[in-house]
Amino acid sequence: MTNSTGKTFLDLLNQHLGIVYKISQAYESDPDERADLRQEMIYQLWRSYPTFTGQAKFSTWMYGVCLNTALAYRRVVRRQQHQTLIPLHEQIPDPPPDNQEEAMEALFNAIARLSPLNKAIVLLYLDDLSYQEIATITGLSKANVSVRLVRIKKELESRLPAAY
């Protein structure tokens, strides 16, 4: 890769770095694991950049790479961890938050408990991508994205306290 290509990549990456942080927060609750996942996503973006043809927006391509990396990372982490039971006190939802920051944290915790594909769909939706763009990234049909979003919203509503 030439220096100008590397600079272009870094410029694009810096413009859309929020995607990396958003996906890592949704897929990893542990701060150290989240940092490792971010590092892996950036590495995979760099490795895959020569395949970026510009047919889609850079952010759309970036979402695809980051989501695939997060899913692969979770599979590896799951294989390495022993299955453990979740204590009952961790299964009981917290009371409604008093401020915006706590509300966002509660939302991300609820999103983190979604299936990997539903998690990806809701993150793309929250980033204002069109149903067609979400379909392109996830490999689903536009109609399937629409149906899934309705179900995801209901699932999130059931997991969040009524105060939201």
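Among the helices (runs of 4 or more DSSP H) lying completely within the range 1-69, list those that include at least 1 residues that are over 11 Å from the mean Cα position of the chain (by Cα) and touching a residue at least 40 places away in the same chain (Cβ under 8 Å). Break it down stepwise before answering.
On the way: elements: 3-15, 17-27, 31-48.
Helices (runs of 4 or more DSSP H) meeting the threshold: 3-15, 31-48.
Looking only at the range 93-105, decide whether some residue is closer than 20 Å to Ile19 by Cβ, part of a loop (DSSP other than H, G, I, E, B) and at pLDDT below 90. I'd like the intermediate steps shown before the answer.
Start the filter on the range 93-105 by keeping residues that are closer than 20 Å to Ile19 by Cβ, which leaves 104-105.
Keeping just the survivors that are part of a loop (DSSP other than H, G, I, E, B) gives none.
Looking for residues that are closer than 20 Å to Ile19 by Cβ, part of a loop (DSSP other than H, G, I, E, B) and at pLDDT below 90, one finds none in the range 93-105, hence no.
Quick one: would you say Ile121 is modelled with pLDDT of 90 or more, under 25 Å from Gln15 (Cα atoms) and either part of a loop (DSSP other than H, G, I, E, B) or in the same structural domain as Leu12 (by TED's automatic domain parsing) (or both)?
On the way: modelled with pLDDT of 90 or more: yes; under 25 Å from Gln15 (Cα atoms): yes; either part of a loop (DSSP other than H, G, I, E, B) or in the same structural domain as Leu12 (by TED's automatic domain parsing) (or both): no.
In short, no.
Any residue that is in the same structural domain as Ile23 (by TED's automatic domain parsing), at pLDDT 90 or above and crowded, with 18+ Cβ neighbours inside 10 Å - is there at least one of those in the range 69-92?
For the range 69-92, residues in the same structural domain as Ile23 (by TED's automatic domain parsing), at pLDDT 90 or above and crowded, with 18+ Cβ neighbours inside 10 Å: present.
State whether one or more residues within the range 49-61 are touching a Pro at 6+ places or on another chain (Cβ under 8 Å), assigned by TED's automatic domain parsing to the domain that holds Gly18 and modelled with pLDDT of 60 or more.
no
Return yes when Asp36 is at pLDDT below 85 and among the acidic types (Asp, Glu) and no when it is not.
Numbers: at pLDDT below 85: no; among the acidic types (Asp, Glu): yes.
So Asp36 fails the test.
The values are calculated or read from the model by the stated rules, or taken from the named source; none is laboratory data. Every value quoted in this text rests on a predicted model; they were computed, and no experiment measured them. Using ideal geometry, Cβ is built from the backbone for each residue, glycine included, and neighbour counts are taken over all protein chains shown.
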